[in-house]
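Inspection log for the structure reproduced underneath, given as structure tokens.
Nothing in this text is a laboratory measurement; each read-out follows from the coordinates by a stated rule. The structure displayed is predicted, hence computed values, not measured ones. Cβ sites come from the backbone with ideal geometry, for glycine too, and all protein chains shown count toward neighbours.
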Amino acid sequence: MQEGAFVKGLTGKMKKHALLRDKVSISALFFPLVFLFSSCVATQHDVMILNQQIRTLNAQVHNLEKIREQQADYAAELDSIREELKRLSGDVEENRHLVQHAVERDTLDQDTLKTGLADLREKVARLYQQLNLKSSPDIKGNASENADTRTESYPPTGASPKEQTALSEKKLYEQILAAYREQQYDTAIEGFKKFIRTYPASTLADNAQFWIGESYMALKKYKEAIRAYQEVIRKYPTANKVPNAMLKQALAFLEEKDPVAARIILKKLIKKYPDSDESRIARKKLKAI
């Protein structure tokens, strides 16, 4: 009886031990599976986050590439604008030189016409004198005496003292103008000043004063040029050089960075000489200022 009870108790203990062992085994298997499943879930979440970050970075890179392309376009456009500005600046400078040369050429042409006219007047005067000599009546036997008197009155060249003065005056003027054309501007300035002092009533005096201004302009002495042109306007108000002097004075003020004074003179020029070539140039300059 005692042995049966012992065996029965031992068997019960063994069953409990086996049951406990099975539970432990199941627990040992269950927890790793739970951990593995949790790890899988965490890994998938991380992958999603990484993918999102990659997409964000790709979008940023794409935006940066667009910005760089836009910057390249802007840079190219800016270069194009700079080239256009450079070209326009060149055109403005070229036009300025063209205007200056046109005005200078016109002035030289006027000088040529004026000296040519002086030549014609001298020739006409000589012809009149010759005609007077030939047609003088021989009254009371004084023909030979008159001829002798006339012959003594004039130099061997047949020119009167007045004509000789005109010839030397014109010759001096042309010599000084030649110095200007050879770009000997300082020499020309002194020469024209001396010419005006020597021949203040000369028909070429206004031209001489104008060329003083032109010489200063060529030397880039714009303040002196402004004063020289003002002398043309003040001393020779009816001379044909006045519109030209006003235009060049305005250009000199522009060189001196004084557009206000330049505009005033250009407007005055247009108002006073509306149909002149200088006024047409002045209108264009006003638009450009």
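Arranged by the count of other C-beta atoms within 10 angstrom, fewest first, what order do Arg263, Arg68 take?
Listing Arg263, Arg68 from fewest to most nearby Cβ atoms yields Arg68, Arg263.
May I ask you to list the GluC sites (Glu not before Pro) in the range 213-289 that are in a DSSP loop and have at most 15 other Cβ atoms within 10 Å of their Cβ?
Glu256
Output wanted: per-residue J couplings in Hz (rounded whole) for the range 201-209, from phi through Karplus 6.51 cos²θ - 1.76 cosθ + 1.60, θ = phi - 60°, x for Gly and Pro.
Couplings: 9, 5, 5, 9, 5, 5, 4, 4, 5 Hz.
Subtracting the Cα-Cα distance from 0.36 nm times the residue separation, let me have the gained length for Ala261 to Thr187 in nm, one decimal.
Contour length minus Cα-Cα distance gives 23.7 nm.
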